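Each remark here refers to the structure printed beneath this line.
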Number of protein chains: 2
Amino acid sequence: MARTVTEKADILPLLAEVFREHGYEGASLSLISQATGLGKGSLYHFFPKGKEEMMTAVLASIDHWFETEIFQPLLTSAAPAAAIEAMFVAVRVYFASGQRVCLVGLLGLSDSRDRFAEAIRDYFARWVQALTTALQRTHQTEQAAREQAEQIVAGIQGAIVLARALGRPDVFDRVLDEMKGRQPGKSGG
Amino acid sequence: MARTVTEKADILPLLAEVFREHGYEGASLSLISQATGLGKGSLYHFFPKGKEEMMTAVLASIDHWFETEIFQPLLTSAAPAAAIEAMFVAVRVYFASGQRVCLVGLLGLSDSRDRFAEAIRDYFARWVQALTTALQRTHQTEQAAREQAEQIVAGIQGAIVLARALGRPDVFDRVLDEMKGRQPGKSGG
DNA sequence: TTAAGAGTTTACCTATCAGTACAAAGTGCG
DNA sequence: CGCACTTTGTACTGATAGGTAAACTCTTAA
């Protein structure tokens, strides 16, 4: 019965993976229970408000990861071009070259969009804003930087969709490389 | 009361819309029944194999639309640059500037991916191939054309994700315009 | 007039859904 | 050891899921 002193933080990655693979509605409590190794009793002990609270916690942890690993470097790095380069590398690893879905993007397309609309909007708005700031600091006008930032964030999301649909990680890598090559200081603008 | 001689073709657009809004798993039979105005009995009369057959039929109709409206013009038009331009226009209308989800892309990200994997892969493979052919005919090498085709198809899918997440159709339009402007014969490459 | 088939309604099936209740079994502290 | 508290297993709820079966109502045409 009660054995391990499970920590909420330990099961968040497992929860995230279930939601990524099955979506919000598709991730049934029995699937979640199976993936985390926790019974319903434990799950409702940690998340009294049920599935919605689980998803909220997962979104918060994803948000935190991107904030520290991607957004802050873009916003504050002394070398914005290098921060952008690092973002491409981090994104490729994080999304496993498109074999791992972006949960926030998926959620935005799905049925349950309205329930988490604010978190979804914030995630993308802050990503675009951080990238805009970095691009602007590589000698671009605010408008050009914003357009390019939208282009890149959309390109990453689309690369996930396309690479997954085709079952070809190399497509993801190629799309990202092409966008990276279009950056100032690289081949051509 | 059997009254209206309902045609399968008449309800396909309604079916497609339900699947677009709720996904495959999220589109329950009662939702489908409500959206189409047909009871379960009628639905199983037209689609004996149930939901899966409904989705298959919807995917086939989507496929047919893209084949005639997008792929064939790209492959056979005497003016490939104009066909590409027409594709951007058609896509903007079809996806309502990102307010209307791409069902095939959504399906590729979702749980039910495996069930329709072949149709999903074909849709995107043929889109990329058609666009590659058109780009190649605008004086590009095969490799450059294919890379750019992947870039554009991914960009369109990503623009849907981003514009929907932000709730801003203008983002969709801007991302597409930027890609259109990068075409040969336009501003700059 | 009537029989066949298309189209439809209704009732029902089993499985599973999210969520609840609660007692049993663990833990740390004294 | 004994007590308070945390964690977990199990059994349950009512609702809904996808799907089936059969009775019923039209239309058509011989």
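Per-structure values
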item: Cβ-placed point charges (K, R +1; D, E -1), dipole of chain B about Cα centre in debye, nearest 20; result: 180
item: Set B:LYS8/B:LYS49; A:LYS8/A:LYS49; A:LYS40/B:LYS51; A:LYS8/A:LYS51; B:LYS8/B:LYS51 screened for pairs whose C-alpha atoms are more than 24 Å apart; result: A:LYS40/B:LYS51
item: Rg and Dmax of chain B, Cα atoms only, in Å; result: 18.3, 63
item: Pairwise FRET efficiency - A:ALA60 versus B:ASP177, Cβ, R0 = 41 Å, nearest 0.05; result: 0.75
item: Estimated inter-spin distance, B:GLU7 and B:GLU69, nm [label 7 Å along Cα→Cβ]; result: 1.8
item: Sorted largest first, extent of the stretch B:1-93 alpha carbons per principal axis (Å); result: 53, 27, 21
item: In the stretch A:65-149, the trypsin sites (Lys or Arg not before Pro) that fall in loop regions by DSSP, at most 14 other Cβ within 10 Å; result: none
item: Extension gain (nm, one decimal) between A:THR138 and A:SER33, 0.36 nm per residue minus Cα-Cα; result: 33.0 nm
item: Rh (Kirkwood; distinct C-alpha pairs) - the protein assembly as shown, Å; result: 22.0
item: Distance (nanometres) between label positions extended 7 Å along Cα→Cβ at B:ALA117 and A:VAL93; result: 2.9
item: Relative contact order of the stretch A:8-181, pairs being alpha-carbon contacts under 8 Å that are 6 or more residues apart, as %; result: 22
item: Cβ-Cβ FRET estimate between A:SER77 and B:LYS40, R0 fixed at 45 Å, reported to 0.05; result: 0.20
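All of the numbers you see were taken from the coordinates with simple rules; none came from a lab. Please read all numbers here as calculations on a predicted model, not as lab measurements. Note that each Cβ is placed from the backbone with ideal geometry, even for glycine, and that neighbours are counted across all protein chains shown.
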